[in-house]
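**Student:** Dropping a structure here in structure tokens format, bear with me for questions.
The values are calculated or read from the model by the stated rules, or taken from the named source; none is laboratory data. Bear in mind the structure is a predicted one, so any value in this text is a computation, not a measurement. Because the Cβ atoms are built from the backbone with ideal geometry, glycine has one as well, and the counts that use them run over all protein chains shown.
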Amino acid sequence: MTPAAAVRAPDRRPDVVLFDIFETLLQLEALGKRFADIGRPAGEWELFFARLLRDGMALTLAGTARPFGEVARAALRTTSGIGLSTDAVEHVLGGFAELPVHPDVEPAFAALADAGIPAYGFTHGSAAVAAAALDRAGVRGHLRDVFSAEEIPSFKPPAVVYDFACARVGAPHERVALVAAHSWDVHGAVRAGLVAGLATRLEGWVPDVIDPPHVAAERLDDVVAGVLALPR
């Protein structure tokens, strides 16, 4: 039996904004060079990351979510060969801490700062790795905190993940917004009763199989502008 969704949050300007991190803030295609370094096709990073998300979500559904790093190591060997050396695996995964940010990230953060609305990074990956990448890219200081659903432990997008995030930032669901480039993440947030903004630059549209976000735009800064334009 499918659990009932929370009441949809009204179209109201939030008090807090959560940002998904990998692909929303950080450019994962930069991992391609790491794959090339170990003699694999640069484009293999896409299958690897898709498999990583799939496996993490499947383990979560089965009730035994494992840490992001463990799931990533297994997904990498499944994708690129079970004979990969430990050094090769760690070389690829080390790239997560050196990912650059998308060009629409800094203006999005600046708009929230000007509006006096705190921003947080929220991932189901390693919070330490995500924070390291954001710090290296020079934007970590825009975020009040960076935290992960690994603490529960769970991958997104079950409702418990967003319940945890709202408790962590100390705000009711309907006063918290999640901004992401993944429609499944946005769907989970809407179903949990959060305000949600989808940056369509990754998927190209708002899929008709998800609960629609409160705001959608191609660029992250335009999503934030839309969130800020919601009535108070």
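**Student:** Regarding ALA111, is this residue under 16 Å from the mean Cα position of the chain (by Cα) and outside any loop (DSSP other than H, G, I, E, B)? Show your work before the answer.
**Tutor:** Details: under 16 Å from the mean Cα position of the chain (by Cα): no; outside any loop (DSSP other than H, G, I, E, B): yes.
Taking the combined requirement at face value, the residue does not satisfy it.
**Student:** Which of the residues spanning the stretch 193-213 are of a type outside the set (Gly, Ala, Ser) and surrounded by fewer than 21 Cβ atoms within 10 Å (Cβ to Cβ)? Before the answer, list the steps.
**Tutor:** Restricting attention to the stretch 193-213, the residues satisfying the condition of being of a type outside the set (Gly, Ala, Ser) are 194-195, 198, 200-203, 205-213.
Hits for the stretch 193-213 are THR200, ARG201, LEU202, GLU203, TRP205, VAL206, PRO207, ASP208, VAL209, ILE210, ASP211, PRO212.
**Student:** A further question follows. Scanning for something surrounded by 15 or more Cβ atoms within 10 Å (Cβ to Cβ), at pLDDT 95 or above, assigned by TED's automatic domain parsing to the domain that holds ILE38 and of a type in the set (S, T, N, Q), does the stretch 80-102 turn up at least one residue?
**Tutor:** yes
**Student:** Going by the structure shown, is ALA30 farther than 23 Å from PRO157 by Cα and in contact with a helix residue (DSSP H, G or I) (Cβ under 6 Å, 6 or more places away or on another chain)?
**Tutor:** no
**Student:** For ARG191, state whether it is within 21 Å of LEU112 (Cβ to Cβ) and of a type in the set (Lys, Arg). Can you show your working first?
**Tutor:** Numbers: within 21 Å of LEU112 (Cβ to Cβ): no; of a type in the set (Lys, Arg): yes.
Spelling it out, it is not the case that ARG191 is within 21 Å of LEU112 (Cβ to Cβ) and of a type in the set (Lys, Arg).
**Student:** Could you count how many residues in the stretch 74-104 are in a helix (DSSP H, G or I), without any contact (Cβ under 8 Å) to a residue 24 or more places away in the chain and out of contact with any helix residue (DSSP H, G or I) (no Cβ under 6 Å at 6 or more places or on another chain)? Step through it out loud before you land on a result.
**Tutor:** Just the residues of the stretch 74-104 that are in a helix (DSSP H, G or I), to begin with: 74-80, 86-98.
Those left that are additionally without any contact (Cβ under 8 Å) to a residue 24 or more places away in the chain: 74, 77, 86-87, 89-90.
This time we only want the ones that are out of contact with any helix residue (DSSP H, G or I) (no Cβ under 6 Å at 6 or more places or on another chain), so: 74, 77, 86-87, 90.
Total meeting the criteria: 5.
**Student:** Any residue in the stretch 197-209 that is in a helix (DSSP H, G or I) and at pLDDT 95 or above? Break it down into steps so the answer makes sense when it comes.
**Tutor:** Step one: filter the stretch 197-209 for residues in a helix (DSSP H, G or I), giving none.
Within the stretch 197-209 (the criterion being in a helix (DSSP H, G or I) and at pLDDT 95 or above), the answer is no, since none of the residues qualifies.
**Student:** Between a residue in the stretch 153-170 that is within 12 Å of THR123 (Cβ to Cβ) and any residue that is assigned to a helix (DSSP H, G or I), which pairs come within a Cβ distance under 6 Å, given they are 6 or more apart or on different chains?
**Tutor:** Once the first residue is within 12 Å of THR123 (Cβ to Cβ) and sits in the stretch 153-170, its partners that are assigned to a helix (DSSP H, G or I) give SER154/THR60; SER154/VAL161; PHE155/GLY56; PHE155/MET57; PHE155/THR60; LYS156/ASP185; LYS156/GLY188; VAL161/ALA149.
**Student:** Test PHE122 against the criterion of being over 24 Å from ARG219 (Cβ atoms) and outside any helix (DSSP H, G or I), and give yes or no.
**Tutor:** On the way: over 24 Å from ARG219 (Cβ atoms): no; outside any helix (DSSP H, G or I): yes.
Taking the combined requirement at face value, the residue does not satisfy it.
**Student:** Looking for whichever is on the phi < 0 side of the Ramachandran plot, assigned to a helix (DSSP H, G or I), buried (at least 20 other Cβ atoms within 10 Å of the Cβ) and touching a Lys or Arg at 6+ places or on another chain (Cβ under 8 Å) here; the options are VAL146, VAL161, VAL190, VAL186. Which one fits?
**Tutor:** So the residue among VAL146, VAL161, VAL190, VAL186 that is on the phi < 0 side of the Ramachandran plot, assigned to a helix (DSSP H, G or I), buried (at least 20 other Cβ atoms within 10 Å of the Cβ) and touching a Lys or Arg at 6+ places or on another chain (Cβ under 8 Å) is VAL190.
Conditions (1) assigned to a loop (DSSP other than H, G, I, E, B); (2) buried (at least 22 other Cβ atoms within 10 Å of the Cβ); (3) modelled with pLDDT under 95; (4) out of contact with any Gly (no Cβ under 9 Å at 6 or more places or on another chain), marked per residue:
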{"residue": "PRO3", "(1), (2), (3), (4)": "yes, no, yes, yes"}
{"residue": "ARG8", "(1), (2), (3), (4)": "yes, no, no, no"}
{"residue": "ARG12", "(1), (2), (3), (4)": "yes, no, no, yes"}
{"residue": "LEU18", "(1), (2), (3), (4)": "no, yes, no, no"}
{"residue": "ALA30", "(1), (2), (3), (4)": "no, no, no, no"}
{"residue": "LYS33", "(1), (2), (3), (4)": "no, no, no, no"}
{"residue": "LEU59", "(1), (2), (3), (4)": "no, no, no, yes"}
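**Student:** Another question, if that's okay. Taking the conditions exactly as written (outside any loop (DSSP other than H, G, I, E, B) and either outside the structural domain of ALA131 (by TED's automatic domain parsing) or surrounded by 15 or more Cβ atoms within 10 Å (Cβ to Cβ) (or both)), does GLY69 satisfy them or not? Spell out the reasoning first.
**Tutor:** On the way: outside any loop (DSSP other than H, G, I, E, B): yes; either outside the structural domain of ALA131 (by TED's automatic domain parsing) or surrounded by 15 or more Cβ atoms within 10 Å (Cβ to Cβ) (or both): yes.
Considered against the rule, which asks whether it is outside any loop (DSSP other than H, G, I, E, B) and either outside the structural domain of ALA131 (by TED's automatic domain parsing) or surrounded by 15 or more Cβ atoms within 10 Å (Cβ to Cβ) (or both), GLY69 comes out as yes.
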